[in-house]
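Since the structure comes first, as C-alpha coordinates, the remarks are kept for the end.
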Amino acid sequence: MANILIADDSPFIRTAYKRVLETQVDFVVSSVCEDGLEAVNKCSELEIDVAVLDIRMPRLDGISASKTIRKNNPDISVVVVSAYDDWSYVKDLIETDSKSKAYVLKNSLDDIGELIRIVRKVMQGHLILDNALIEKLIGYYERHSSDSGNLSGRELEVISRGCRGMTLQEIATDLEIPPADVEVIQGLVEEKLNVSGDDYLSAQANSTIAFLNLCVSLTLG
(Lines give C-alpha, C1' and ligand atoms only; values in the text may rest on other atoms or scores of the structure.)
Protein backbone atom coordinates (compact mmCIF):
# COMPACT_ATOMS: atom_id res chain seq x y z
CA MET A 1 0.00 0.00 0.00
CA ALA A 2 1.39 3.41 -1.00
CA ASN A 3 0.77 6.32 1.36
CA ILE A 4 0.49 9.57 -0.59
CA LEU A 5 0.57 13.21 0.50
CA ILE A 6 -1.02 15.95 -1.63
CA ALA A 7 -0.12 19.61 -1.15
CA ASP A 8 -1.86 22.36 -3.13
CA ASP A 9 -3.42 25.67 -2.10
CA SER A 10 -6.48 24.96 -4.25
CA PRO A 11 -9.22 22.93 -2.50
CA PHE A 12 -10.55 21.89 -5.89
CA ILE A 13 -7.18 20.51 -7.01
CA ARG A 14 -6.59 18.72 -3.73
CA THR A 15 -9.97 17.01 -3.99
CA ALA A 16 -9.48 16.14 -7.66
CA TYR A 17 -6.06 14.54 -7.13
CA LYS A 18 -7.30 12.62 -4.10
CA ARG A 19 -10.24 11.20 -6.04
CA VAL A 20 -8.03 10.17 -8.95
CA LEU A 21 -5.36 8.52 -6.83
CA GLU A 22 -7.78 6.67 -4.62
CA THR A 23 -9.28 4.90 -7.64
CA GLN A 24 -6.27 2.62 -7.16
CA VAL A 25 -6.74 -0.06 -4.53
CA ASP A 26 -3.09 0.15 -3.49
CA PHE A 27 -3.04 3.95 -3.07
CA VAL A 28 -4.07 5.76 0.12
CA VAL A 29 -4.01 9.55 0.39
CA SER A 30 -2.79 9.84 3.97
CA SER A 31 -2.53 13.63 4.12
CA VAL A 32 -3.88 16.64 2.24
CA CYS A 33 -2.07 19.95 2.83
CA GLU A 34 -2.66 23.58 1.92
CA ASP A 35 0.98 24.72 1.71
CA GLY A 36 4.56 23.53 1.47
CA LEU A 37 5.45 23.98 5.12
CA GLU A 38 2.53 21.84 6.21
CA ALA A 39 3.65 19.21 3.69
CA VAL A 40 7.15 19.16 5.19
CA ASN A 41 5.76 18.76 8.69
CA LYS A 42 3.34 15.99 7.70
CA CYS A 43 6.09 14.07 5.92
CA SER A 44 8.05 14.14 9.19
CA GLU A 45 5.07 12.99 11.24
CA LEU A 46 3.60 10.33 8.95
CA GLU A 47 4.91 7.41 6.90
CA ILE A 48 4.64 8.91 3.43
CA ASP A 49 5.78 7.13 0.26
CA VAL A 50 5.00 9.82 -2.34
CA ALA A 51 4.54 13.59 -1.99
CA VAL A 52 2.59 15.32 -4.77
CA LEU A 53 3.43 19.02 -4.48
CA ASP A 54 2.21 22.10 -6.33
CA ILE A 55 5.12 24.32 -7.34
CA ARG A 56 3.53 27.57 -6.10
CA MET A 57 2.15 27.46 -2.55
CA PRO A 58 2.00 29.77 0.49
CA ARG A 59 4.78 29.75 3.09
CA LEU A 60 6.97 27.32 1.13
CA ASP A 61 7.01 26.49 -2.57
CA GLY A 62 6.89 22.95 -3.87
CA ILE A 63 10.53 22.64 -4.95
CA SER A 64 11.86 24.02 -1.65
CA ALA A 65 9.48 21.71 0.21
CA SER A 66 10.68 18.74 -1.85
CA LYS A 67 14.30 19.44 -0.94
CA THR A 68 13.53 19.56 2.77
CA ILE A 69 11.34 16.48 2.57
CA ARG A 70 14.07 14.50 0.81
CA LYS A 71 16.75 15.76 3.19
CA ASN A 72 14.69 14.49 6.11
CA ASN A 73 13.63 11.28 4.38
CA PRO A 74 15.47 10.31 1.17
CA ASP A 75 13.06 7.44 0.54
CA ILE A 76 10.05 9.67 -0.17
CA SER A 77 9.29 9.99 -3.88
CA VAL A 78 8.39 13.47 -5.15
CA VAL A 79 6.04 14.67 -7.89
CA VAL A 80 6.12 18.43 -8.50
CA VAL A 81 3.12 19.76 -10.44
CA SER A 82 3.71 23.03 -12.24
CA ALA A 83 2.15 25.48 -14.66
CA TYR A 84 5.62 26.49 -15.91
CA ASP A 85 7.58 24.73 -18.66
CA ASP A 86 10.74 26.51 -17.55
CA TRP A 87 13.88 24.37 -17.56
CA SER A 88 15.34 26.29 -14.60
CA TYR A 89 12.63 24.86 -12.33
CA VAL A 90 13.51 21.33 -13.41
CA LYS A 91 17.21 21.95 -12.80
CA ASP A 92 16.39 23.33 -9.36
CA LEU A 93 14.32 20.25 -8.54
CA ILE A 94 17.03 17.76 -9.45
CA GLU A 95 20.20 19.68 -8.57
CA THR A 96 20.83 17.74 -5.34
CA ASP A 97 19.45 14.36 -6.40
CA SER A 98 17.24 13.02 -9.17
CA LYS A 99 16.06 9.58 -8.08
CA SER A 100 12.30 9.06 -7.75
CA LYS A 101 11.32 12.55 -8.87
CA ALA A 102 8.93 13.96 -11.48
CA TYR A 103 8.23 17.39 -12.91
CA VAL A 104 4.80 17.42 -14.56
CA LEU A 105 2.73 20.22 -16.06
CA LYS A 106 -0.77 20.75 -14.73
CA ASN A 107 -2.49 20.51 -18.09
CA SER A 108 -0.95 17.06 -18.63
CA LEU A 109 -3.01 15.85 -15.68
CA ASP A 110 -6.21 16.44 -17.64
CA ASP A 111 -5.61 12.79 -18.52
CA ILE A 112 -6.44 11.26 -15.16
CA GLY A 113 -4.33 8.22 -15.88
CA GLU A 114 -1.17 10.32 -16.16
CA LEU A 115 -0.99 11.19 -12.45
CA ILE A 116 -1.44 7.53 -11.56
CA ARG A 117 1.27 6.49 -14.04
CA ILE A 118 3.73 9.08 -12.77
CA VAL A 119 3.19 8.19 -9.11
CA ARG A 120 3.85 4.53 -9.90
CA LYS A 121 6.95 5.39 -11.91
CA VAL A 122 8.57 7.58 -9.25
CA MET A 123 7.94 4.84 -6.71
CA GLN A 124 10.01 2.57 -8.95
CA GLY A 125 12.88 5.07 -8.85
CA HIS A 126 12.43 6.85 -12.20
CA LEU A 127 13.21 10.49 -12.96
CA ILE A 128 10.36 11.77 -15.12
CA LEU A 129 9.91 14.98 -17.10
CA ASP A 130 6.62 16.14 -18.55
CA ASN A 131 5.99 15.07 -22.15
CA ALA A 132 5.53 18.66 -23.34
CA LEU A 133 8.83 19.71 -21.77
CA ILE A 134 10.62 16.76 -23.38
CA GLU A 135 9.25 17.65 -26.80
CA LYS A 136 10.35 21.26 -26.26
CA LEU A 137 13.86 20.10 -25.40
CA ILE A 138 14.10 17.77 -28.39
CA GLY A 139 12.70 20.39 -30.75
CA TYR A 140 15.27 22.87 -29.53
CA TYR A 141 18.07 20.33 -29.93
CA GLU A 142 17.00 19.48 -33.47
CA ARG A 143 16.94 23.14 -34.48
CA HIS A 144 20.50 23.52 -33.23
CA SER A 145 21.84 20.08 -34.13
CA SER A 146 24.60 21.44 -36.33
CA ASP A 147 26.04 23.17 -33.28
CA SER A 148 25.21 20.65 -30.58
CA GLY A 149 26.44 17.22 -31.57
CA ASN A 150 25.39 14.12 -33.39
CA LEU A 151 22.49 12.46 -31.58
CA SER A 152 20.47 10.59 -34.19
CA GLY A 153 16.72 10.63 -34.57
CA ARG A 154 16.46 7.14 -33.09
CA GLU A 155 18.65 8.12 -30.17
CA LEU A 156 16.43 11.12 -29.51
CA GLU A 157 13.41 8.79 -29.54
CA VAL A 158 15.03 6.64 -26.86
CA ILE A 159 15.99 9.71 -24.81
CA SER A 160 12.43 11.01 -25.07
CA ARG A 161 10.92 7.77 -23.80
CA GLY A 162 13.53 7.39 -21.09
CA CYS A 163 12.66 10.88 -19.84
CA ARG A 164 9.06 9.71 -19.54
CA GLY A 165 10.07 6.83 -17.30
CA MET A 166 9.72 4.01 -19.81
CA THR A 167 11.63 0.79 -19.18
CA LEU A 168 13.78 -0.79 -21.88
CA GLN A 169 10.98 -3.23 -22.65
CA GLU A 170 8.39 -0.45 -22.83
CA ILE A 171 10.61 1.55 -25.18
CA ALA A 172 11.14 -1.52 -27.36
CA THR A 173 7.40 -2.13 -27.55
CA ASP A 174 6.63 1.51 -28.30
CA LEU A 175 9.27 1.75 -31.04
CA GLU A 176 8.54 -1.76 -32.32
CA ILE A 177 12.17 -2.87 -32.14
CA PRO A 178 13.89 -5.62 -30.11
CA PRO A 179 14.90 -4.78 -26.51
CA ALA A 180 18.51 -5.62 -27.42
CA ASP A 181 18.43 -2.82 -30.01
CA VAL A 182 17.20 -0.40 -27.35
CA GLU A 183 20.11 -1.40 -25.13
CA VAL A 184 22.55 -0.68 -27.94
CA ILE A 185 20.96 2.71 -28.64
CA GLN A 186 20.91 3.57 -24.94
CA GLY A 187 24.60 2.72 -24.80
CA LEU A 188 25.30 5.09 -27.70
CA VAL A 189 23.29 7.82 -25.95
CA GLU A 190 25.33 7.39 -22.78
CA GLU A 191 28.58 7.46 -24.77
CA LYS A 192 27.64 10.63 -26.67
CA LEU A 193 26.38 12.39 -23.54
CA ASN A 194 29.39 11.12 -21.55
CA VAL A 195 27.32 9.54 -18.78
CA SER A 196 27.00 6.13 -17.18
CA GLY A 197 25.10 4.41 -14.40
CA ASP A 198 25.17 1.35 -12.19
CA ASP A 199 21.84 0.21 -13.65
CA TYR A 200 19.24 1.29 -16.20
CA LEU A 201 17.46 3.65 -13.78
CA SER A 202 20.60 5.58 -12.91
CA ALA A 203 21.81 5.61 -16.52
CA GLN A 204 18.39 6.84 -17.68
CA ALA A 205 18.37 9.60 -15.05
CA ASN A 206 21.93 10.65 -15.87
CA SER A 207 21.08 10.71 -19.60
CA THR A 208 18.02 12.86 -18.91
CA ILE A 209 20.03 15.32 -16.82
CA ALA A 210 22.86 15.47 -19.35
CA PHE A 211 20.44 16.07 -22.23
CA LEU A 212 18.65 18.77 -20.23
CA ASN A 213 21.95 20.47 -19.42
CA LEU A 214 23.02 20.24 -23.05
CA CYS A 215 19.84 21.95 -24.24
CA VAL A 216 20.10 24.64 -21.55
CA SER A 217 23.72 25.30 -22.54
CA LEU A 218 22.57 25.79 -26.13
CA THR A 219 20.14 28.49 -25.05
CA LEU A 220 22.94 30.27 -23.19
CA GLY A 221 25.34 29.87 -26.07
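Observations
- Centroid-to-centroid, using Cα positions, the stretch 166-217 and the stretch 66-111 are 20 Å apart.
- With a Förster radius of 30 Å applied to the beta-carbon distance between Ser88 and Asp198, the computed FRET efficiency rounds to 0.60.
- Estimated inter-spin distance, Met123 and Asn107, nm [label 7 Å along Cα→Cβ]: 3.0 nm
- Residue-normalised accessible area of the stretch 112-221, given per residue in Å² at a 1.4 Å probe: 46 Å²
- Accessible carbon and sulfur surface of the stretch 60-218 relative to its total accessible area, %, 1.4 Å: 48 percent
- Once the Cα atoms are used to define both axes, helix 153-163 deviates from the longest principal axis of the chain by about 20 degrees.
- The chain: relative contact order in percent, alpha carbon pairs under 8 Å with at least 6 residues between: 14 percent
- Between the beta carbons of Glu183 and Glu114, assuming R0 = 25 Å, the FRET efficiency works out to 0.40 to the nearest 0.05.
- The stretch 167-215 pair-distance distribution - Cα-Cα, 10 Å bins, rounded %: 28, 52, 20
- Given R0 = 35 Å, the distance between the Cβ atoms of Asp75 and Asn150 translates into a calculated FRET efficiency of 0.35.
- Share of alpha-carbon pairs per 10 Å distance bin for the stretch 1-88, given as whole %: 19, 54, 26, 2
- Shown for the stretch 138-193 is the translational diffusion coefficient from the Stokes-Einstein equation, using the Kirkwood radius over Cα pairs, a temperature of 25 °C and a viscosity of 0.890 mPa s: 213 µm²/s.
- Between helix 112-123 and the chain there is an angle of about 80 degrees, using the helix long axis and the longest principal axis of the Cα atoms.
- Of Ser207, Ser160, Ser108, the one that fluctuates the most in a GNM where the chain has Cα springs shorter than 10 Å: Ser108
- Near-label residues of the stretch 83-108 by backbone N, under 18 Å of a point 7 Å along Cα→Cβ of Ser10: 83-86, 103-108
- Helix-only CD estimate at 222 nm, as mean residue ellipticity for the chain, using -39500 (n - 2.57) per DSSP H run (n ≥ 4): -17000 deg cm²/dmol
- Hydrodynamic radius of the chain by the Kirkwood approach over all distinct alpha-carbon pairs: 17.8 Å.
The values are calculated or read from the model by the stated rules, or taken from the named source; none is laboratory data. Owing to the predicted nature of the structure, the values given are computational and were not obtained by experimental measurement. A quick note on method: Cβ atoms are made from the backbone with ideal geometry, for glycine too, and the neighbour counts reach across all protein chains shown. What goes into the accessible areas is simple: the full protein's heavy atoms, side chains included, and nothing from ligands, DNA or RNA. Shrake-Rupley method; radii C 1.70, N 1.55, O 1.52, S 1.80 Å.
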